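A.B. asks: Following this message is one structure expressed as structure tokens.
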Amino acid sequence: MQREVADRVVAQPGSRDYGLLSVTVQMYGPAERLFTLPPAAFTPPPDVHSTVFRWRFAPRFKELGVEETSFLRFVRPCFAQKRKTLANNLRAAGLQPAAVAAALAHASIAPQARAEELSIESLAALWQRLQAIGAASPGEAAPRSEST
């Protein structure tokens, strides 16, 4: 596949390429870059470099103690706006600020953290805490009134 897409698939937390695609693919198993091919390796040559990567199907949902559908629904708004903090993205998705703050503290995540800084394990711990305190999953929360 195109090198830039492969970079996003195999990206690790803290890198510029780490995001929703990285987390989603890696929740279904580890991905590793094998090698990159120049455009000249193909006929006709494309305008981009291509990367071959290995992806071993080994879902991690059970291992991390998360439910597949609701966890993947949860991570989507976590990465919604890259420049916003995780807390702001979750509040924008309809979660209550107090619930977000409590869950972040319980999961030992800094209040100013951005989603791209967090490992899959940290995101799973945050999801678990939000579930435990009864916070609605993003997209399922009741709309907030204009006065709040």
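A.B. asks: With a ≥ b ≥ c taken as the square roots of the eigenvalues of the C-alpha gyration tensor of the stretch 22-97, please select rounded if a/c is under 1.5 and otherwise prolate if a/b is larger than b/c or oblate if it is not?
C.D. replies: Since a/c reaches 1.5 but b/c is at least a/b, the shape of the stretch 22-97 is classed as oblate.
A.B. asks: Once Lys and Arg get +1 and Asp and Glu get -1 on their Cβ, which of A105, Y18, F61 lies farthest toward the positive end of the dipole of the stretch 1-105?
C.D. replies: Checking the options against the dipole of the stretch 1-105, the answer is A105.
A.B. asks: Moving on to the next point. In square angstrom, what is the accessible area per residue of the chain with a 1.4 angstrom probe?
C.D. replies: That works out to 56 Å² for each residue.
A.B. asks: Tabulate in residue order the Karplus-calculated ³J(HN,Hα) for the stretch 2-10, using 6.51 cos²θ - 1.76 cosθ + 1.60 with θ = phi - 60°, rounded to whole Hz; enter x for Gly and Pro.
C.D. replies: Ordered by residue, 3J(HN,Hα) equals 4, 3, 5, 5, 4, 4, 6, 5, 8 Hz.
A.B. asks: Restricting things to Cα coordinates, could you compute the convex hull volume per residue of the stretch 1-57 in Å³?
C.D. replies: 79 Å³
A.B. asks: Using DSSP to define loop residues, name the chymotrypsin sites (Phe, Trp or Tyr not before Pro) in the stretch 47-104 whose beta-carbon has at most 14 other beta-carbon atoms within 10 Å.
C.D. replies: Filter output for the stretch 47-104: F57.
A.B. asks: Note down the relative contact order for the chain as a percent, whole number, built from C-alpha pairs under 8 angstrom at least six residues apart.
C.D. replies: Relative contact order here is 23 percent.
A.B. asks: Can you give the net charge of the other residues whose Cβ lies under 15 Å from the Cβ of R16, counting K and R as +1 and D and E as -1?
C.D. replies: On the way: positive: R3, R8, K82, R83, R114; negative: E4, D7, D17, E116, E117.
Its environment carries a net charge of 0.
A.B. asks: Starting from the eigenvalues of the Cα gyration tensor, five times each then square-rooted, give me the equivalent ellipsoid semi-axes of the chain, largest first, whole Å.
C.D. replies: Numbers: eigenvalues 226, 54, 31 Å².
Output for the chain: semi-axes of 34, 16, 12 Å.
A.B. asks: Whose amide H sits under 5 Å from the amide H of S50, counting only residues 5 or more places off or on another chain, with H placed in the peptide plane?
C.D. replies: R3, L37
A.B. asks: Please list, in order along the stretch 67-80, the HN-Hα scalar couplings obtained from phi with the Karplus expression 6.51 cos²θ - 1.76 cosθ + 1.60 (θ = phi - 60°), rounded to whole Hz, x for Gly and Pro.
C.D. replies: Computed from phi, the couplings for the stretch 67-80 are 8, 3, 5, 6, 5, 5, 5, 5, 6, 4, x, 4, 9, 4 Hz.
A.B. asks: With everything on Cα atoms, drop me the angle between helix 97-106 and the longest principal axis of the chain, reported from 0 to 90° to the nearest 10.
C.D. replies: 70 degrees
A.B. asks: List the GluC sites (Glu not before Pro) within the stretch 21-119 that DSSP assigns to loop and that have no more than 13 neighbouring Cβ atoms inside 10 Å.
C.D. replies: On the way: sites: E32, E63, E67, E68, E116, E117; in loops: E67.
Nothing satisfies the criteria.
A.B. asks: Excluding E32 itself, calculate the net charge of residues whose Cβ lies under 10 Å from the Cβ of E32, where each Lys or Arg counts +1 and each Asp or Glu counts -1.
C.D. replies: Residues close to E32 contribute a combined charge of +3.
A.B. asks: Under the rule of at least 5 residues apart or a separate chain, name every residue whose amide H is placed under 5 Å from the amide H of L118.
C.D. replies: G14
A.B. asks: I'd like the Karplus ³J(HN,Hα) series for the stretch 57-63: coefficients 6.51, -1.76, 1.60, θ = phi - 60°, whole numbers in Hz, and an x wherever there's a Gly or Pro.
C.D. replies: Result, rounded to whole Hz: 6, 7, x, 10, 4, 5, 4.
A.B. asks: Which trypsin sites (Lys or Arg not before Pro) does the stretch 60-111 hold that lie in a coil by DSSP with at most 10 other beta carbons within 10 Å? Walk me through the numbers on the way to the answer.
C.D. replies: Details: sites: R60, K62, R73, K82, R83, K84, R91; in loops: R60, K82, R83, K84.
When the trypsin sites (Lys or Arg not before Pro) of the stretch 60-111 are filtered for loop state and at most 10 Cβ neighbours within 10 Å, R83 remain.
A.B. asks: Same structure again: Please label the shape of the stretch 69-140 as rounded, prolate or oblate, based on the square roots a ≥ b ≥ c of the eigenvalues of the alpha-carbon gyration tensor (a/c under 1.5 means rounded; beyond that, a/b larger than b/c means prolate, else oblate).
C.D. replies: rounded
The values are calculated or read from the model by the stated rules, or taken from the named source; none is laboratory data. All of these numbers come straight from a predicted model, not from anything done at the bench. Using ideal geometry, Cβ is built from the backbone for each residue, glycine included, and neighbour counts are taken over all protein chains shown. In case anyone asks, the SASA skips ligands and DNA or RNA and just uses the protein heavy atoms, side chains included. Shrake-Rupley method; radii C 1.70, N 1.55, O 1.52, S 1.80 Å.
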